[in-house]
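Okay, structure first, notes after.
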Amino acid sequence: MSLQHSTETTKRQDRPQPQVCGSYIDAQGREVPITEQMIQQACKDLEESRVKKVHKA
């Protein structure tokens, strides 16, 4: 076992990492994490737009 491997493993276990589903690059070139809340809002918006289209038909 290498020293590098054991050190890296210890550092990663000490800090819990936030769960990130992915990310996107915004207009300023910054990487923005995609959160569960963002996904839920997008699904809600999509559902509402589909309901509006059904009522128009």
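Worth pointing out:
- All positions within the range 7-28 that are at pLDDT 95 or above and more than 17 Å from the chain's Cα centre (by Cα): Ala27, Gln28
- Matching residues, the range 18-52, being among the β-branched types (Val, Ile, Thr) and in a helix (DSSP H, G or I): Ile39, Val51
The values are calculated or read from the model by the stated rules, or taken from the named source; none is laboratory data. Here the structure is a predicted model, which is why all the values come from computation and not from measurement.
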